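The values are calculated or read from the model by the stated rules, or taken from the named source; none is laboratory data. Here the structure is a predicted model, which is why all the values come from computation and not from measurement. Glycine also receives a Cβ, built like all others from the backbone with ideal geometry; neighbour counts cover every protein chain displayed. Only protein heavy atoms, including side chains, enter the accessible area calculation; ligands, DNA and RNA are left aside. Shrake-Rupley method; radii C 1.70, N 1.55, O 1.52, S 1.80 Å.
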Amino acid sequence: MFDDLTREEAAQAGAALLAEDKFHYVVTPNPEFILAAEKDPEFLQVLNGADLVLADGIGVVYSAKIQGTPLKGRVTGIAFAEDMLSCLDGRGGRLYLLGAKPGVAEEAGRRILERHPNITLCGTQDGYFRDEEEALLKVAAARPDLLFVCLGAPKQEKWMARWGRHTGARLAIGLGGALDVFAGRVERAPESWQKLGLEWAYRLKKEPRRAGRMAKLPLVLVKAAGRRMKK
Ligand code: UDP
């Protein structure tokens, strides 16, 4: 399912998608996605239909290794998004931010433009809309090149697969809570923790309420080991 790419290779592949006059979408699954997709065939199909499937979590990298199909490493959604912003900045393109609570996308956009002054922020919209089609029409009217879709999984992936090609964007990326990070509402783990592959542990320390959700994650590794044994 995953594309075996380094961050640099993913950035090159993303730049090529952004240069092509056609809709593409990118997904950034973590272990929670894999568990959800096992029970949701539509979600699995949408993930497999993406132009790029990037291994966002260290759990995905471990599980691929256990299964005997190792990946070069992980490419986080945030890192890939950063690289696509640099690329868009280089060509002076249009960015649309869809998702998160009211006010967050605007703040994220303001901060992104401080670092990437050649980007045009052509629109923002919070992620708590009732009507999917209405949300689409607003995006399409803004004529974006690059679109961040941050509605949480699997909503954001299904939205991209269903409506993405009508937005007129060249590249949409499903990015979960990234707008909260870009807006400075959520802190990312210090680089030392990230390098050790312990970003999940940092997140757990900051948001202990995630413990219930995270407790399921080692299951992905156990299942991967089970599949390896069967080979
Ligand atoms: N979100 C949204 N609309 C929804 C549900 C969630 O815009 O209907 C946003 C939420 O505000 C957050 C992001 O989606 O900014 C990701 O949510 P969550 O932290 O649950 O997902 P994760 O990134 O952990 O997969």
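Consider the stretch 89-112 and keep the residues that are under 19 Å from Ala11 (Cα atoms) and over 17 Å from the mean Cα position of the chain (by Cα). The one that is nearest to the ligand (Cβ to nearest atom) is Arg94. From the residues in the stretch 80-120 that are more than 26 Å from Pro29 (Cα to Cα) and hydrophobic (A, V, I, L, M, F, W, C), which one is least open to solvent (accessible area, probe 1.4 Å)? Only one residue tops the list, namely Ile119. Going through (1) out of contact with any strand residue (DSSP E or B) (no Cβ under 9 Å at 6 or more places or on another chain); (2) open to solvent by less than 60 Å² (accessible area, probe 1.4 Å); (3) at pLDDT 85 or above one by one, Gly212 falls short only on (3).
The C-beta contact set for the stretch 82-102 (first residue farther than 16 Å from Glu114 by Cα, second residue modelled with pLDDT under 95 and not in a helix (DSSP H, G or I), distance under 8 angstrom, 6+ apart or interchain) comprises Ala100/Gly177. Looking across the stretch 185-209, the residues that are open to solvent by 100 Å² or more (accessible area, probe 1.4 Å) and over 19 Å from Val60 (Cα atoms) come down to Arg185, Glu187, Glu191, Lys205, Lys206, Arg209. Just to check your reading of the model, which residue among Gly176, Gly168, Gly184 is within 12 Å of the ligand (Cβ to nearest atom), small (Gly, Ala, Ser), at pLDDT 85 or above and assigned to a loop (DSSP other than H, G, I, E, B)? So the residue among Gly176, Gly168, Gly184 that is within 12 Å of the ligand (Cβ to nearest atom), small (Gly, Ala, Ser), at pLDDT 85 or above and assigned to a loop (DSSP other than H, G, I, E, B) is Gly176. Cβ-Cβ distances below 9 Å connect the following pairs, each with a first residue in the stretch 13-36 that is open to solvent by less than 10 Å² (accessible area, probe 1.4 Å), a second residue that is of a type in the set (D, E, K, R) and not in a loop (DSSP other than H, G, I, E, B), and a separation of six or more residues or different chains: Gly14/Asp83; Leu18/Arg91; Val27/Glu157; Pro29/Glu157.
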